[in-house]
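Input: a single structure, listed below in structure tokens.
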Amino acid sequence: MAVFASGILDSPIEYLKGVGPIKAEILKAELGIYKFSDLIGEFPFRYVDKTKFHKISEIKADGDIIQLKGTLVSLEKIQGKNRRHRLVGIFKDSSGFIELIWFQSVKFLEKSLMENAPYIVYGKLSIFKGKKSIAHPEMELISANNPHKPKAYEPVYHSTEKLNARGLDNKNRRKLMKVLFEKITTKDIPENLPEYLCQKMRLISRYQAYHWIHFPDSQEQK
């Protein structure tokens, strides 16, 4: 078990901004995350290269993880069986169109997503009878207040259906991790090796190592 300085990393996870008591119980039950220190110790199992964008006309392999840049041209709420609704969006780029589908959080997404607005879309491609779609894609609005900043590698964390249903999907887990790193400093993650050895081996600080694990800027930092 990793050893940290007593202090902020000993704080109960429900006290982290964006968590609260309900989400905290899910994190405890599903991942054994009780404190801030447990969250920072929950490492990604892989990374996604967010520097690359695909063209809709060029994507062909069912199951590929893709990233698109374009415009959400329409949204429609459709009632299915058992009065359950789904939200269907049409997204376009300079090369074509693709369907986006959500079966969860329909009311929230219907209010928060904007038609005829530019977005970054990320998700898993599905092709059925030649029709391309992405279910539950991550959506990033591009605006003057939220300009798209090119990313290098984004962490992917282990998740479950319960976590996703409670707003603790991979996107929001990244947000929580960023909030946590904004609250801590090098003093909260002290060195556990002698100073002379760190200097001799030219090792980065323990704090920097944890930061790179969660948010690497290059292949070498992963």
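Out of the residues in segment 32-48 that are farther than 18 Å from residue 4 by Cβ and outside any loop (DSSP other than H, G, I, E, B), which is least open to solvent (accessible area, probe 1.4 Å)? Explain how you work it out, then say what you get.
Here is the first cut: in segment 32-48, the residues farther than 18 Å from residue 4 by Cβ are 44-48.
From what is left, the residues that are outside any loop (DSSP other than H, G, I, E, B) are 46-48.
Details: 46: 100, 47: 53, 48: 18 Å².
Top of the filtered list is 48.
The set of residues from segment 53-81 being closer than 17 Å to residue 98 by Cβ and assigned to a loop (DSSP other than H, G, I, E, B) comprises 53, 54, 55, 56, 57, 58, 59, 60, 61, 62, 63, 64.
Would you point out the residue of segment 49-68, among those that are of a type in the set (S, T, N, Q) and modelled with pLDDT of 90 or more, that is surrounded by the fewest Cβ atoms within 10 Å (Cβ to Cβ)? Applying the filter and picking the extreme gives 57. Screening the candidates 98, 66 for the property of being β-branched (Val, Ile, Thr) and within 28 Å of residue 176 (Cβ to Cβ) yields one hit, 66.
When restricted to residues that are in a loop (DSSP other than H, G, I, E, B), farther than 13 Å from residue 88 by Cβ and modelled with pLDDT under 90, segment 99-155 contains 15. Is it the case, given these coordinates, that residue 168 is in a loop (DSSP other than H, G, I, E, B) and at pLDDT 90 or above? Spelling it out, residue 168 is indeed in a loop (DSSP other than H, G, I, E, B) and at pLDDT 90 or above. Among the residues of segment 195-222, just one is modelled with pLDDT under 85, part of a loop (DSSP other than H, G, I, E, B) and either surrounded by fewer than 10 Cβ atoms within 10 Å (Cβ to Cβ) or among the hydrophobic types (A, V, I, L, M, F, W, C) (or both), namely 218.
May I ask you to say which residue of 134, 184 is open to solvent by less than 40 Å² (accessible area, probe 1.4 Å), over 30 Å from residue 15 (Cβ atoms), touching a Leu at 6+ places or on another chain (Cβ under 9 Å) and of a type in the set (A, V, I, L, M, F, W, C)? Please lay out each step first, then the result.
Numbers: 184 fails: over 30 Å from residue 15 (Cβ atoms).
When all the criteria are applied, what remains is 134.
Scanning segment 49-66 for residues that are out of contact with any Gly (no Cβ under 9 Å at 6 or more places or on another chain) and either of a type in the set (Ser, Thr, Tyr) or within 23 Å of residue 166 (Cα to Cα) (or both) yields one hit, 51.
The values are calculated or read from the model by the stated rules, or taken from the named source; none is laboratory data. Just so we're clear, the structure is a prediction, and the values are computed from it rather than from any experiment. We place every Cβ from the backbone using ideal geometry, glycine too, and count neighbours over all the protein chains shown. Heads up: the accessible areas ignore ligands, DNA and RNA and are worked out on the full protein's heavy atoms, side chains in. Shrake-Rupley method; radii C 1.70, N 1.55, O 1.52, S 1.80 Å.
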